[in-house]
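The values are calculated or read from the model by the stated rules, or taken from the named source; none is laboratory data. Note that the structure is a prediction, hence the values are computed from the model and not measured. A quick note on method: Cβ atoms are made from the backbone with ideal geometry, for glycine too, and the neighbour counts reach across all protein chains shown.
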Amino acid sequence: MSHLELDNLQASINNALNSLRVAMDGSRLPPLSSQYGTDIHPLDSMDQPTPVGVYQARRAALACVVELKNLLQHPFEKAAESAFAMYDFASVQVFTEHGIVDRMAKEPSGISVKTLQAELDLDSHKLTTVLRHLSVCGWIRETQGGIFALNRSSRILLQGQRGRALITVPNNIRVAEALPRWLVHPEFRFSKSPDHTAFQLANNTTKPFFEWVKDDRNYLSRFSACVEALGEYVTPGILSDYPWQTCSESTIVDCGGGKGSLAIALANRFPALRLVIQERGEMVGPAEANIKTRLDPNSVHGTVVAEAHDLFSAQPRTGDNYTFMLRHVLHNWPEAQAVNILEKLAAAAGPKSKILIIERISGHYPDTHVELEHRPANTMNNTASTSLITEQTILNSSSRMPQALALHLLCILNCHERTMDQWRTIISRAGLVITGVYKLRAYVSIMECRAIRTDES
Ligand SMILES: C[S@@+](CC[C@H](N)C(=O)[O-])C[C@H]1O[C@@H](n2cnc3c(N)ncnc32)[C@H](O)[C@@H]1O
């Protein structure tokens, strides 16, 4: 009997895995392992982009795995997984906050719960159940009864690693818990205001997120480390899949540039670039500290500078000498404010200035959907040619991260994920036109724009 979906997924996963092998061998990558040893694999790097063939095949394979699970899993099991999903997060919190992952890293062959109890003063009986949950989630493995060892993936949670920065932002569970109440709240339910979100309900405040964050230094530093980690995850694709050398005639202004990690990474990779990080006043100090510690010490003095500037004020840097860049900034704002931010850049831009919007474009958009002024030679088509499943399926199922992030941003800022059409509307309302869309090896794309000249409008 033909099992249409099963047959298709079986063929697709074989196809994807075969392509992955070929691409990995072609890039001379060593075999992957999640069970034996904790050594970092080159594909775990957050500093190098994944080779194109590996990137595509991996996405297709992961999408097939998720689709297969959807096909095969009993619905009651699925309901139970959702009902208890909060323990996925809570057990990772135990793992990191109580120092277990850092302690386990010193014993690659495994450590007993008894030793963990003695050293960390935690009940081994309770710990065993937590560690078995982490084991089921794939973070660690139980090598013998009561002996646990790290997996390759758990290294991302060690002190100082970027995964740790994601986990340690406080109160996210409280915000998620407020989501159902928010959707039926008498005043907030249809509000588009950033002052009327699940975040305000969860924290019993009327302040918008960024104002609230400003007053809590501990939260601010953890939140900005988390934002920085998310940014750094997409940085290798941004650096590799856009022709940055075309910006070397101008200074790049990184508007709402956070702690400046993208500006610094660009300067370190392309020494001809000059960059200015513009941020809220309280972020200038952290950005300057970051420049001091992370900018290549051989760079010319002043290659990257930080200055205070409000996104909603007139842009002081004007004319063709400037390229403006916004990464993960516009997604924070409702349409009216996003248009306002871009209008300030349209007013400041010279005829040759580029405005680079680095954001997720939700949904699948074929290349032909974008009317490009010039079809950039290196615009990457991420559609896995080797895959039998559709690009929409790959987008939905290869990674939960972009959608989870979109939901969290909705809850804390009332921001909206945007399709290509919605981005185009905002961009054109601000007096800009898209000149190119660059798909990257990342969940974000670069929309390259320029200001519409008065004789064009
Ligand atoms: C999600 S973060 C993105 C940071 C950075 N672009 C990156 O990709 O890592 C948004 C940034 O916008 C900044 N921001 C918010 N409101 C602002 C304003 N009115 N003027 C300037 N920056 C602002 C925040 O401080 C925050 O660093």
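Among the residues of the stretch 295-310, count how many are within 16 Å of the ligand (Cβ to nearest atom) and either over 10 Å from ALA267 (Cα atoms) or of a type in the set (S, T, N, Q) (or both). First the steps, then the outcome.
First pass over the stretch 295-310, keeping only residues within 16 Å of the ligand (Cβ to nearest atom): 295, 304-310.
Those left that are additionally either over 10 Å from ALA267 (Cα atoms) or of a type in the set (S, T, N, Q) (or both): 305-310.
The qualifying residues number 6.
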| request: Could you figure out which of (1) more than 16 Å from the ligand (Cβ to nearest atom); (2) at pLDDT below 95; (3) touching a helix residue (DSSP H, G or I) at 6+ places or on another chain (Cβ under 7 Å) isn't true of ALA198? | output: (2)
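Does TYR242 count as within 25 Å of PRO402 (Cα to Cα), more than 9 Å from the ligand (Cβ to nearest atom) and surrounded by fewer than 21 Cβ atoms within 10 Å (Cβ to Cβ)? Outline the logic, then answer.
Working: within 25 Å of PRO402 (Cα to Cα): yes; more than 9 Å from the ligand (Cβ to nearest atom): yes; surrounded by fewer than 21 Cβ atoms within 10 Å (Cβ to Cβ): no.
In short, no.
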| Are there any pairs, at least 6 apart or on different chains, whose C-beta atoms fall under 9 Å, with the first in the stretch 295-314 and in the same structural domain as ASN268 (by TED's automatic domain parsing) and farther than 16 Å from GLU282 by Cβ and the second more than 16 Å from the ligand (Cβ to nearest atom) and β-branched (Val, Ile, Thr), and if so, which? | LEU295/THR303; ASP296/THR303
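For the stretch 402-450: of the residues being of a type in the set (Lys, Arg) and assigned to a helix (DSSP H, G or I), which is farthest from the chain's Cα centre (by Cα)?
The first filter runs over the stretch 402-450 and keeps only residues of a type in the set (Lys, Arg), leaving 418, 424, 429, 439, 441, 450.
Next cut, assigned to a helix (DSSP H, G or I) only: 424, 429.
Details: ARG424: 22, ARG429: 27 Å.
It comes out as ARG429.
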| query | Across the stretch 1-49, what is the total count of residues that are of a type outside the set (S, T, N, Q), closer than 28 Å to GLY237 by Cα and assigned to a helix (DSSP H, G or I)? | reply | 13
| message | I'd like the residue in the stretch 248-271 that is among the hydrophobic types (A, V, I, L, M, F, W, C) and within 24 Å of SER313 (Cβ to Cβ) and, out of all such residues, is nearest to the ligand (Cβ to nearest atom). | response | LEU262
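Is at least one residue of the stretch 272-279 more than 9 Å from the ligand (Cβ to nearest atom), of a type in the set (Gly, Ala, Ser) and farther than 30 Å from ILE156 by Cα? If you could, list the steps in order and put the result at the bottom.
Taking the stretch 272-279 as the starting set, the residues that turn out to be more than 9 Å from the ligand (Cβ to nearest atom) are 272-276.
Filter once more, so that each one left must be of a type in the set (Gly, Ala, Ser): 272.
Next cut, farther than 30 Å from ILE156 by Cα only: 272.
So far as the stretch 272-279 goes, yes, one or more of its residues are more than 9 Å from the ligand (Cβ to nearest atom), of a type in the set (Gly, Ala, Ser) and farther than 30 Å from ILE156 by Cα.
Results for (1) touching a residue at least 24 places away in the same chain (Cβ under 8 Å); (2) over 21 Å from SER33 (Cβ atoms); (3) touching a helix residue (DSSP H, G or I) at 6+ places or on another chain (Cβ under 8 Å), shown as yes or no for each residue.
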| site | (1), (2), (3) |
| --- | --- |
| VAL92 | yes, yes, yes |
| ARG103 | no, yes, yes |
| LYS114 | yes, yes, yes |
| SER124 | no, yes, yes |
| THR129 | no, yes, no |
| TRP139 | yes, no, yes |
| GLU142 | no, no, yes |
| remark: Counted residues in the stretch 29-56 being surrounded by fewer than 13 Cβ atoms within 10 Å (Cβ to Cβ) and touching a strand residue (DSSP E or B) at 6+ places or on another chain (Cβ under 8 Å) come to 1
| query | What tally of residues in the stretch 280-294 results from selecting those that are within 11 Å of the ligand (Cβ to nearest atom) and in contact with a Gly (Cβ under 7 Å, 6 or more places away or on another chain)? | reply | 3
| field | Matching entry among ASN332, ASN321 (being farther than 16 Å from ILE264 by Cβ, away from the ligand (no atom under 13 Å from the Cβ) and not aromatic (Phe, Trp, Tyr)) | value | ASN321
| said: Here is a list: LYS207, LYS192. Which entry is touching a Pro at 6+ places or on another chain (Cβ under 8 Å), surrounded by fewer than 19 Cβ atoms within 10 Å (Cβ to Cβ) and not assigned by TED's automatic domain parsing to the domain that holds ALA406? | reply: LYS192
